[in-house]
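Student: Input: one structure, supplied below.
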Amino acid sequence: PDMKEDGSMVHCMLIGIDVTTRKLAELKQAQNEVYYSQVLENLPLGLQQFAPDGRSMDMNTMQREIWGDAHPFFTDPGYKWLRDPFYRLNGLAAMFEETRKTGKTHKREILLSYREKQVDNITRIYPVYYEATVFPLTDQQRNMVNLFLILDDITEKKLSELSLQKSERLLDNIIENLPIGYIQFDNFGFIRRINQTQRI
């Protein structure tokens with residue numbers, strides 16, 4: 001309003017500024033954020049965002065399923081997972097700390113939990129393995145803003161690998177104790193296996 005000295009209004013002035021470009025850019029950014037959040041939400045692996053001090057900030061649905069409803073992430077607001085003895089033992093806490101210290105991505109296989117499986121009246125407990133990746137997100141000044149954890153279930157692969165190693169050890173044991181000499185060569189002519197009888 002443009003006012004007189006006596007307080008009465010003379011007229012009003014309207015100023016308009018074209019903000020179309022800015023508005024379109026904001027809408028596009030909002031659409032991109034929605035798109036990327038949907039992509040992250042529907043990943044076939046767990047994704048969790050942490051503050052540099054280790055506080056859990058956000059995670060996708062798959063990660064929530066991996067932890068389970070009873071996990072302290074959901075039940076204990078002051079939960080310090082980096083001090084949890086289990087995560088210190090399985091190496092997950094060390095991966096996080098190393099990434100925080102070096103700013104580099106770290107990846108390794110970890111034993112994350114155990115599952116129960118009912119067969120008739122028998123409950124079997126078996127290990128659950130994940131490939132864990134911890135990587136940092138930095139700002140333009142290269143300061144660490146967040147850390148992310150990706151968990152990919154590799155239980156089937158890991159159990160097959162362990163079973164193969166067990167079979168290999170069993171075969172070595174059988175060959176070592178054969179009452180006849182046994183020697184195995186590879187295709188280059190190098191000895192691959194030899195038992196005690198053959199050595200004698």
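Student: Once you have the Cα-Cα distance between E5 and A25, take 0.36 nm times their residue separation minus that, and quote the gain in nm to one decimal.
Tutor: 2.8 nm
Student: Tell me the angle of helix 155-176 to the major Cα principal axis of the chain, expressed in degrees between 0 and 90 and rounded to the nearest ten.
Tutor: Compared with the principal axis, the helix lies near 20 degrees.
Student: My understanding is that a pair violates if its Cα-Cα distance is over 26 Å; which of K107/K158; K107/K157; K101/K158; K80/K104 do that in this structure?
Tutor: The answer is K101/K158.
Student: Kindly provide the chymotrypsin sites (Phe, Trp or Tyr not before Pro) of segment 102-200 that DSSP labels as loop, not H, G, I, E or B, and whose Cβ sees at most 10 other Cβ atoms within 10 Å.
Tutor: Taking segment 102-200 and a limit of 10 other Cβ atoms within 10 Å, the loop chymotrypsin sites (Phe, Trp or Tyr not before Pro) found are F188, F190.
Student: Students often forget the sequence filter, so: which lysines lie under 29 Å Cα-Cα from K28 once same-chain residues fewer than 8 apart are removed?
Tutor: none
Student: Once the Cα atoms of helix 20-41 and of the chain are each reduced to a long axis, what angle between those two axes, in degrees from 0 to 90 to the nearest 10, is obtained?
Tutor: 20
The numbers here are math on the coordinates, done by the rules we state, and not lab data. Please read these numbers as outputs of a predicted model, since none were measured by experiment. Note that each Cβ is placed from the backbone with ideal geometry, even for glycine, and that neighbours are counted across all protein chains shown.
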